[in-house]
Amino acid sequence: MTAPTGVASVAGLLGDIAGTGRDASRGGYSRPVFSTAERDLVAWFTDQAQRRGLDVETDRNGIVWAWWNPAGAPLTGSVVTGSHLDSVPGGGAFDGPLGVASSLAALDHLRARGSAPARPLGIAVFPEEEGSRFGVACLGSRLLTGALAPERALNLTGPDGTSFADAARAAGLDPRHVGRDDEALSRIGVFLELHVEQGRGLIDLGAPVAVASSVLGHGRWRLTITGEGNHAGATLMADRRDPVVAAAAAVLAVRDVARQHDGARATVGRIVPVPGGTNVIAGRVDAWLDVRHPDDDVTAAVVAEITRRAQHAAAVEGCTATVTEESLSPTAHFDAGLRERLREVLPGAPVLATGAGHDAAVLADHVPTGMLFVRNPTGVSHSPAEHVEDPDAEAGALALADALAELLTAPA
Ligand code: GLV
Ligand code: MN
Ligand code: MN
């Protein structure tokens, strides 16, 4: 499918940023929030928006908004689309940027059709959707909506010890003004995010684009196991209190407990022995646990059982273990009326649930919200193997344009 004159192709837009934030050691992209790579992407987006004559502003939580407002109407109750530009460590090229590039291309489509809507269309770019730097996913939308207290956000620290407050300040934000922003939120009359699909749903259904139904409930916990740091050569096996051994047992317990609960997913994707040396018995292990299930009570039961098993594993090694909640989001169901409207506009699109988290799920508690997914032929995400074929990307942008055109006639 060739894009009409004046319409940027999604592949071309993503091609502009294909060299930004590549991670030579992990493969794929590492674009943590407020890093040089992520800031370069925000600058690219700003440039793209300004070339289109959009008004670009960054709000006090670091969310970048670009407005197309041909009628000069008030921004309250606008139609808003967008996504994020930060990534997980070693992530793919599409998780986030596909939605941003598709938003720009969809706007081009609307203009190429001669559309001049009476109400504004906004494109929003949310910071720290992945939570890969400061630990809490969807940090920008949580701050915007008040789901996360500013004091808590400002004190979060990244792996290098930098606080969110300091990183935000370095990125030009004023930490004193971070937090719930009813005025910014009131501008969203309806929010529609396009995202690469992160599983195999659309492969199995043989369709390029889906309408989302729900986002699986999910949470993150920090598991800390404390033992005794010591010398790898001078310490007999019987004399050790090695938290790495306890962590290994705890990780096996995570898998076993999740398997006992239908539909549960539990992952330990980050383990840090402290201080971390080949010839050093660690004094402490920090590990992060990601648990997901549609039912919050089941999630709580899974985490309680994992905690019990981790504490037992720690005690066996003469160590102690603590498990602390860092974030928790219940299953989000997207607005049913909006979903039906999207299905009418996109009659061939199936309806799919997702196990991945999104800013759209945070916003869904406050405004009518929906999502579109674009087929990922590998079915793999949070990995360099994540992929979207060019024709599917263009079909996604066209679907987004059709959906936005409908919403611009009446947002809610
Ligand atoms: C983000 O993609 C998440 O699901 O954690
Ligand atoms: Mn994402
Ligand atoms: Mn992601």
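The values are calculated or read from the model by the stated rules, or taken from the named source; none is laboratory data. Only a predicted model underlies this, so the values are computations on that prediction, with no experimental measurement involved. Because the Cβ atoms are built from the backbone with ideal geometry, glycine has one as well, and the counts that use them run over all protein chains shown. The protein model used for the area step is the full one, side chains on, heavy atoms only, and it has no ligands, DNA or RNA in it. Shrake-Rupley method; radii C 1.70, N 1.55, O 1.52, S 1.80 Å.
Worth pointing out:
- Test for G189: is it at positive phi, open to solvent by less than 50 Å² (accessible area, probe 1.4 Å) and touching a residue at least 60 places away in the same chain (Cβ under 8 Å): no
- Residue in the stretch 324-340 that is in contact with a Pro (Cβ under 9 Å, 6 or more places away or on another chain) and among the hydrophobic types (A, V, I, L, M, F, W, C) present: yes
Here is a yes/no grid of residues against (1) under 21 Å from the mean Cα position of the chain (by Cα); (2) open to solvent by 30 Å² or more (accessible area, probe 1.4 Å); (3) not aliphatic (A, V, I, L, M):
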site	(1), (2), (3)
R341	no, yes, yes
E344	no, yes, yes
L363	yes, no, no
P391	no, yes, yes
E394	no, no, yes
A399	no, no, no
A403	no, no, no
A410	no, yes, no
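- Residues that are aliphatic (A, V, I, L, M) and buried (at least 24 other Cβ atoms within 10 Å of the Cβ) within the stretch 365-383 comprise M371, L372, V374, listed in sequence order.
- As for the stretch 123-137, it holds at least one residue that is within 26 Å of R152 (Cα to Cα), buried (at least 22 other Cβ atoms within 10 Å of the Cβ) and more than 15 Å from ligand 1 (Cβ to nearest atom).
- Matching residues in the stretch 286-298 - criterion: being touching a strand residue (DSSP E or B) at 6+ places or on another chain (Cβ under 7 Å) and within 14 Å of ligand 1 (Cβ to nearest atom): W288, L289, D290, V291, R292
- Residues of the stretch 115-138 that turn out to be modelled with pLDDT of 95 or more, out of contact with any Leu (no Cβ under 8 Å at 6 or more places or on another chain) and away from ligand 3 (no atom under 14 Å from the Cβ), as a count: 1
- Tabulated pairs, the stretch 94-113, first within 16 Å of ligand 2 (Cβ to nearest atom), second among the charged types (D, E, K, R), C-beta under 6 angstrom, 6+ apart or interchain: F94/E386; G99/E193
- Pairing each residue of the stretch 355-371 that is at pLDDT 95 or above with any residue that is among the acidic types (D, E) and open to solvent by less than 10 Å² (accessible area, probe 1.4 Å), provided the two are 6+ apart or on different chains, yields C-beta distances under 7 Å for H358/E193; D359/E129; D359/E193; A360/E193; M371/E193.
- Evaluated against (1) within 14 Å of ligand 2 (Cβ to nearest atom); (2) touching a His at 6+ places or on another chain (Cβ under 7 Å); (3) among the hydroxyl-bearing types (S, T, Y), T145 falls short on exactly one condition, (1).
- Unique residue being away from ligand 2 (no atom under 16 Å from the Cβ) and in contact (Cβ under 8 Å) with a residue 40 or more places away in the chain when the list is D174, D166: D174
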